[in-house]
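Here the structure comes first, spelled out in structure tokens, and everything after it is commentary.
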């Protein structure tokens, strides 16, 4: 008599916010490694470094997500950030306080879109690569913000009201850039496919001068591994 094979458990569905940068690639790799069925969401918000969306597509395709979507939100129509207003310069030296590259309400809008898609596909988790250690001082990258959004999401969604609130997974939030890079390398992330630069050219080559470039380069240097970033 042949043995009866038990059916494999249904994998947990997760929405993963994928920008095309180093951090989001690491988060995606970690979620996949943990057996999640990943739905990758990227946002075209009018950013000057739109080439990152091409990187997000490459990552999603090569890493094997269930589905990858790019959604459009016109934050350039609001402006107020060097990432969305071409009349503002991206700083190429360290600055104090919250920098001009902060995009007002960006993560709130992004997470709201993740929340909506999660309800549609039946995902129980949202994964994102916010970081409160090696970051640029953005207020919507802090644990307090994520906890507050989770509270709102529990009140505002069908799943939350019915007793199955979404989990917000931020595995990188307390890691240094060195720790993130080492984690990603252990998980097999090809960082040459990622784009972090705030003013990368159309070929994805980095400026090497903006805040994001400096943090990324220092991370690879401190990790003692070759920086695969292509600089112009």
Can you tell me, using C-alpha contacts under 8 Å and at least 6 residues apart, the relative contact order of segment 51-158 as a whole percent? 18
Mean-position separation - Cα centroids, segment 180-232 and segment 26-55, in angstrom: 16
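So if I average 1/r over every pair of distinct C-alpha atoms in the chain and take the inverse, what Kirkwood radius in Å does that give?
On the way: mean 1/r = 0.0546 Å⁻¹.
It is 18.3 Å.
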If you line up the long axis of helix 143-156 against the longest principal axis of the chain, both from Cα atoms, how many degrees apart are they, to the nearest 10? 50
Taking Cα atoms only, helix 51-63 is inclined relative to the longest principal axis of the chain by an angle, in degrees rounded to 10, of 30
With each label point set 7 Å from Cα along the Cα-Cβ vector, what nm distance links residue 87 and residue 192? 4.2
Would you mind checking the tilt of helix 211-223 against the longest principal axis of the Cα atoms of the chain, expressed as 0 to 90 degrees and rounded to 10? 70
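Sort the following peptides by mean Cβ neighbour count (other Cβ atoms within 10 Å, averaged over residues), highest first: 24-30, 122-128, 92-98. Let's see the in-between values first.
Working: 24-30: 25.9, 122-128: 20.9, 92-98: 9.9.
The densest-packed peptide leads the list: 24-30, 122-128, 92-98.
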Any idea how far apart residue 50 and residue 167 come out in nm if each label point goes 7 Å out from Cα toward Cβ? 3.7
Let me make sure I get this right: for segment 43-124, a, b and c are the square roots of the gyration tensor eigenvalues over alpha carbons, sorted descending. Under 1.5 in a/c it's rounded, otherwise prolate if a/b > b/c, else oblate. Which is it? prolate
Give me the distance between the Cα centres of segment 68-105 and segment 153-179, rounded to whole Å. 25
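Here, each number is a calculation from the coordinates, and none is a lab measurement. Remember, it's a predicted structure, so these values are computed and weren't measured experimentally. Reconstructed Cβ throughout: ideal geometry from the backbone, glycine too, with neighbour counts over all protein chains shown.
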